[in-house]
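S.K.: A single structure is presented below for examination.
The values are calculated or read from the model by the stated rules, or taken from the named source; none is laboratory data. The shown structure was predicted, so the numbers you read here are calculated from the model rather than taken from an experiment. All Cβ positions, glycine included, derive from the backbone under ideal geometry; neighbour counts span all protein chains shown. For accessibility, only protein heavy atoms count, side chains too; no ligands or nucleic acids. Shrake-Rupley method; radii C 1.70, N 1.55, O 1.52, S 1.80 Å.
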Amino acid sequence: MSTLMTVSRLDVRYGQKLAVNQACLDVAAGTITTIIGANGAGKTSLLSGLMGLAARSGSIVFQGRDVSDEPPESKVRRGMILVPERRELFGSMSVQDNLLLGAMAVKATRHSRRDRLDLVYKKYPRLSERRTQQAGTLSGGERQMLALGRALMGNPRLLMLDEPSLGLAPNFVNQMFEWIVGLREEGMSILLIEQNARLALDVAQYAYVMRQGEISPRADAAEMRSREDIAAQYLGPRRKA
Amino acid sequence: MNPTVALLLAQDGITNGIVFALLGVAILLVFLVTRVLFVVQGEFVVLGAVTLVQVQRGEVAGAAWLLMPLALLCLVLSAIQFVRERNSRLWSLQNGICLLALAIGLCATFYPPAGKSAWLQITTVVCLITPMGPLLYWTAFRNICRSSILTLLFAAMCVHYVLQGLMLPLFGPEGFRALPLVRGRIDFGGIWLSAQLIFMLCVFLLLTTALWLVFHHTLPGKALRAVSINRVGARLVGISSDIAGAAAFGLASLIGAVSGILIAPLSNVYYDSGFLLALKGFVGCVVGGLASFPLAALGALLTGLLDSFAAFYASALKDSIVFALLVPMLLYMSVTQISGRGEEAGE
């Protein structure tokens, strides 16, 4: 399987504080790779470093090209798209404007942008119903849906999801993960960051564990699910099925 | 006060208010997109007004001697960046605009526009002043654009002093007053309004409508709004903060040039008139809550009216009265808002 992104010796710091220490990771094309870990382990910082939103050192190779020093907007143009933990929507703009702005970085005609918009509306009909509503007035689930839709408008090659289940109602979490699996089946490569380790390991092929800024070597998700030390720390008591 | 005086003062107030409103809208736009409190906006107005006078007199526009060195400086900075960083491109929007600015400057120096056509005069002023906005952004603000609001304000003050310092030897200490672009008075059922006032109102309405259309009905305009609503979100959808900043500065210098053209026939403009104008525009913004464009414009119109009536009742205290408007507004804001907006931590 070909490698889409290779990250080596990535450091991310906030002032003096080292949030991510010498992280190495690979994302294989067409798979879901997940990073699990406790709150504050540095998962979100890792993504900020990858996107270029936070100060970092180390190298990032995306589709065979060194993109380490590029600003976020040119990474977005290459198809590295992040759905951040805080969604970062444009609250006082309409749902449709939020989606259209998602395609800002794509070289597109007005026509092809409309086509993408229709595609996203078909995928998430709820957004279509709310297209003129202000993004700030949406419910938590709808906001997450909009953040995902906006990311898809940018024609991602690598979709990075930061805590997609955070703050969602339980039945909506399952729906969210169905969408994520659906996207992978369409051929999307996904880097998934999730505190709900059980759910993440269920859908992922590869997994990393982050602990206090350090990242583990890569493991098979299935293998990790069955490891007892991981289960004890991150998966919680196993519910009877 | 009798009605005639009141009407005169109101006319005067509205004319001032329109200029303050244009300044206020530009200052607010630059602040929302780049977090720079753009005190330099007043200098654009002065440059616009002085350039109009010089073009009318058939002189070489002094603004060209600011524009060309600025463009050269910008090119040098871009060349340094090109040598230092591997991934910067030789051909970019920035270098394109620098070359265009150089061409405009040379053209205005060696072929000063002759003729009495008002349109030619206006076009010359707009072409000379507008490129200065993006050029100033790239030279002075781009590399510090993630600093705190206070640092950015210091930088803006520095640019203001540098420009003002250059304008004194360039234009001299005398006042400039342009010939009116439109003459005469128009009778509205017994009330005589000056044609200049009508002209200003038309330009103001046209410009604000155009800005509204751009911000609400075009994708680039929406992208600028997106930057002002959520900076991080804008970067994540790939809106270049570099181009957004330059665009905001460019719109500001365009609005400044137009304000200069409007104000030039009405009052004497000196090399240092800009700062007070910008501050009054800023007061208008704050009265409007430093968040919404229509409110900022309305606040600035009120500021203009207050300015003119204050000049009648207590002319020595006129500026103090206008700036005293800030006090109740700041009190209200500090009571209703717990923390200031715009200052994002960890960015």
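S.K.: Please find, within the stretch A:25-79, the residue that is farthest from A:S8 (Cα to Cα) out of those that are away from chain B (no Cβ under 14 Å) and of a type in the set (S, T, N, Q).
M.R.: If we take residues in the stretch A:25-79 being away from chain B (no Cβ under 14 Å) and of a type in the set (S, T, N, Q), then A:N39 is farthest from A:S8 (Cα to Cα).
S.K.: List, please: which pairs have Cβ atoms under 7 Å, are six or more places apart or on different chains, and start with a residue in the stretch B:7-22 that is open to solvent by less than 30 Å² (accessible area, probe 1.4 Å) and assigned to a helix (DSSP H, G or I) and end with one that is of a type in the set (K, R) and modelled with pLDDT of 90 or more?
M.R.: Every condition considered, the pairs that remain are B:F20/B:K280.
S.K.: Within the stretch A:2-15, is even one residue out of contact with any Leu (no Cβ under 6 Å at 6 or more places or on another chain) and within 11 Å of chain B (Cβ to nearest Cβ)?
M.R.: yes
S.K.: Also, I was wondering about something else. Determine whether A:G182 is in the same structural domain as A:L46 (by TED's automatic domain parsing), open to solvent by 10 Å² or more (accessible area, probe 1.4 Å), out of contact with any Phe, Trp or Tyr (no Cβ under 7 Å at 6 or more places or on another chain) and not polar (S, T, N, Q).
M.R.: Considered against the rule, which asks whether it is in the same structural domain as A:L46 (by TED's automatic domain parsing), open to solvent by 10 Å² or more (accessible area, probe 1.4 Å), out of contact with any Phe, Trp or Tyr (no Cβ under 7 Å at 6 or more places or on another chain) and not polar (S, T, N, Q), A:G182 comes out as yes.
S.K.: So, one more: If a residue must be closer than 20 Å to A:G140 by Cβ, aliphatic (A, V, I, L, M) and in a helix (DSSP H, G or I), how many such residues does the stretch A:73-127 contain?
M.R.: So the answer is 4.
S.K.: Any idea which residue in the stretch B:211-221 is most open to solvent (accessible area, probe 1.4 Å), counting only those that are touching a Leu at 6+ places or on another chain (Cβ under 9 Å) and more than 13 Å from every other protein chain (Cβ to nearest Cβ)?
M.R.: Only one residue tops the list, namely B:V214.
S.K.: Here is a further query. Identify, please: which residue in the stretch A:116-128 is of a type in the set (A, V, I, L, M) and within 14 Å of chain B (Cβ to nearest Cβ) and is, among those, farthest from A:M145 (Cα to Cα)?
M.R.: Once the filter is applied, the top-ranked residue is A:L117.
S.K.: Does the stretch A:80-95 hold any residues that are among the acidic types (D, E) and more than 8 Å from chain B (Cβ to nearest Cβ), and which are they?
M.R.: Result: A:E85, single match.
S.K.: Still on this structure, I have one more. Does A:N171 satisfy being more than 9 Å from every other protein chain (Cβ to nearest Cβ) and either free of Cβ contacts under 8 Å to residues at least 12 places away in the same chain or not in a strand (DSSP E or B) (or both)?
M.R.: yes
S.K.: Let me ask another. Among the listed residues A:G149, A:G136, identify the single one that is closer than 24 Å to A:A103 by Cβ, in contact with a Ser or Thr (Cβ under 7 Å, 6 or more places away or on another chain), part of a helix (DSSP H, G or I) and modelled with pLDDT of 90 or more.
M.R.: A:G136
S.K.: Okay, next question. What helices (runs of 4 or more DSSP H) completely inside the stretch B:233-347 contain at least 2 residues that are within 23 Å of the chain's Cα centre (by Cα), polar (S, T, N, Q) and closer than 28 Å to B:Q121 by Cβ?
M.R.: B:241-263
S.K.: State whether the residues of the stretch B:222-242 include one that is out of contact with any Phe, Trp or Tyr (no Cβ under 9 Å at 6 or more places or on another chain) and more than 12 Å from chain A (Cβ to nearest Cβ).
M.R.: no
S.K.: Which residues, taken from the stretch A:96-115, are buried (at least 18 other Cβ atoms within 10 Å of the Cβ) and away from chain B (no Cβ under 13 Å)?
M.R.: Hits for the stretch A:96-115: nothing passes.
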